[in-house]
Amino acid sequence: MTSDKINVSLLRSLFVKKGLTDIVISPGSRNAPIVIAFAGDPGVRAYSIVDERSAAFTALGMAKETGKAVAIASTSGTAPLNYSPAVAEAFYQKIPLLILTADRPEKLVDVGDGQTIRQQGIYNNFIKKSYNLPDSISTKKEIAEAEKLINEAIDLAHYPEPGPVHINLPFDEPLYGKTEQVPEPHVIDFKPNPNRINNETVEAFIRLFNNTGKIMILAGQQLPDENLRKQIEKLSSFPQVTVLTETTSNFNGKQLIGCIDNTLATIQGQEAGFAPDFLITFGDAVVSKKIKKFLRENRPHEHWHISPSGEKRDTYFSLTQTVKATAEDFFVRVLKKLNGVESNYNKRWLTQKEKAVKTRDNFLKNIPFTDFKVYDCLFRAIPRGGNLHLGNSTPVRYSQLFGNIEGFTFFSNRGVSGIDGQISTAAGISMLSEKTNTVITGDLGFFYDSNAFMNKYLKANLKVIIINNGGGSIFRFIPGPDTTPFLEEFFESKHHWNAEGIARAFNIHYYRAANEWELKAQLPVLYKMNKRPGILEIITSSELSTEVLKNFFKTLTEV
């Protein structure tokens, strides 16, 4: 038994036939045919989450965990607009989402009908493509056209690089009809042929690599990849190569420069000797503003970006070549023909990294209980083997000061880098994961996304650590806000809120720490309580934390 609306019944059948399993539905009436079709299918795991913004980020997290498109389904009107932040994040982070928006028939648009807006193409600036499924489908030709559209939409969400795809579904009343007689759709393959790496591109890269004394490889955000890690390890052994990574790159290795900001702070006045002549980039967004500034001011002669879709990502305003391939496939093609050249470039970067790490470790021994000290305690004490979700914007930046930490898979919403949805995303991953999922978030990010707890699917493997310094402390670090009289009210949004009431409302374990001794005592308890999710709120001083961090970078410049 399924919905008698042929458009959604075809969609549901092809959804299952193409191996998709998960849909997050927000309650409504106009999307009743979607509910009936999907929630009634034993091959589909359907979740009901009221808040559309949280629902979309939860689905984004699920898609990160499975690597397959997760559907989100809303009623009509303003409901689909609430998906927009997560849709934009999925687009820039290349996460597969299938956005299903129920709609009124075209005859009811712009005539004053309730819950009706112009829905077709509402996400056009940040999706791969938008489709509109006709409400009335009856003839064989109409069915064939709908099948083609749905097959194309689902495949496009995955290839050549993942991303969000929108399907708008107009439904006329009645909405709750059911039937057992539905057409059996045909699966059509719209997957593109594998990229063939151009031989001329390969040869040009090899010549450039083997004749350049200063080569920088910069890895952006991505999930762990063991084969690629081994290739990066080999590349980092060449004397003319330095490999810069971030926590969100998910690479580890002694030869890698994982503390980019710390290391860059130690080379002031020596930039020319550290600037690359050949820059190679791959992966998604890079967190460090310092490396962006450094490379924009010291532009390499050549910048090659490796991207499966051939995306021309010119982050450093020096792009000369885009390689349409995965980094793994491309490095497989070239590695055996690459040679080392006489150069001290690799050694020079590693020497500065060692100075920066030693300075950091000595500095941490003598500072008071502030945000920097808290992160040091957390990264030492959080159990290894789990997922670590870094909130925007100070948590993900503080993590870069500690570099590549073994034993964690790092996640962060660094596509658009907003503070919205960070807990919902982690919750979505935790729902489909057996690992411990720890979120480190600031206070404003936590309060902004507290509706993440408003569902019945949360698991005990979700642990949320809030660093509550009474506002958005990032605005004390970046230049500008502190020069205005509006810092505390309009930038930092200073407050005296705490998370205890929210934890109580959603039946979540709550713990609090206001000093180093309490923090070290509460952390083991947070991870031992395994019946419900847990929240640990850590109280720090924004003013003191800012002073300590500024002193740290001043100390680095004096090394």
Specify which of the listed residues (Ile72, Ile150, Ile99, Ile122) is assigned by TED's automatic domain parsing to the domain that holds Ala32, in contact (Cβ under 8 Å) with a residue 12 or more places away in the chain, within 27 Å of Gly220 (Cα to Cα) and more than 17 Å from the chain's Cα centre (by Cα). Ile99
Strands (runs of 3 or more DSSP E) wholly inside segment 11-101 containing at least 3 residues that are surrounded by 21 or more Cβ atoms within 10 Å (Cβ to Cβ): 22-25, 70-74
Hey, does segment 185-194 have a residue that's in a loop (DSSP other than H, G, I, E, B) and more than 33 Å from the chain's Cα centre (by Cα)? yes
Consider only pairs whose beta carbons are under 9 Å apart and that are at least six residues apart or on different chains; among these, list those whose first residue lies in segment 366-394 and is closer than 14 Å to Thr441 by Cα and without any contact (Cβ under 8 Å) to a residue 40 or more places away in the chain and whose second residue is small (Gly, Ala, Ser) and surrounded by fewer than 20 Cβ atoms within 10 Å (Cβ to Cβ). none
Assess whether Thr409 counts as being at pLDDT 95 or above, out of contact with any Ser or Thr (no Cβ under 6 Å at 6 or more places or on another chain) and crowded, with 23+ Cβ neighbours inside 10 Å. no
For segment 195-211, how many residues are surrounded by fewer than 16 Cβ atoms within 10 Å (Cβ to Cβ) and either within 22 Å of Asn346 (Cα to Cα) or over 31 Å from the mean Cα position of the chain (by Cα) (or both)? 7
So, Thr281, is that one under 21 Å from Ile405 (Cβ atoms) and either in contact (Cβ under 8 Å) with a residue 60 or more places away in the chain or in the same structural domain as Ala88 (by TED's automatic domain parsing) (or both) or not? no
Has segment 189-198 got at least one residue that is touching a residue at least 12 places away in the same chain (Cβ under 8 Å) and farther than 22 Å from Lys68 by Cβ? yes
Top-ranked residue in segment 445-464 [being part of a loop (DSSP other than H, G, I, E, B) and of a type outside the set (A, V, I, L, M); ranked as farthest from Pro27 (Cα to Cα)]: Asn461
Between a residue in segment 228-246 that is within 18 Å of Ile206 (Cβ to Cβ) and any residue that is aromatic (Phe, Trp, Tyr), which pairs come within a Cβ distance under 6 Å, given they are 6 or more apart or on different chains? Gln231/Phe331; Ile232/Phe251; Gln240/Tyr345
If a residue has to be polar (S, T, N, Q) and modelled with pLDDT of 95 or more to count, how many in segment 358-406 make the cut? 6
Could you please give the count of residues in segment 380-396 that are out of contact with any Lys or Arg (no Cβ under 8 Å at 6 or more places or on another chain) and surrounded by fewer than 19 Cβ atoms within 10 Å (Cβ to Cβ)? 3
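The values are calculated or read from the model by the stated rules, or taken from the named source; none is laboratory data. Everything quoted here is computed from the prediction, not taken from an experiment. Heads up, the Cβs are rebuilt from the backbone with ideal geometry, glycines too, and the neighbour counts pull from every protein chain shown.
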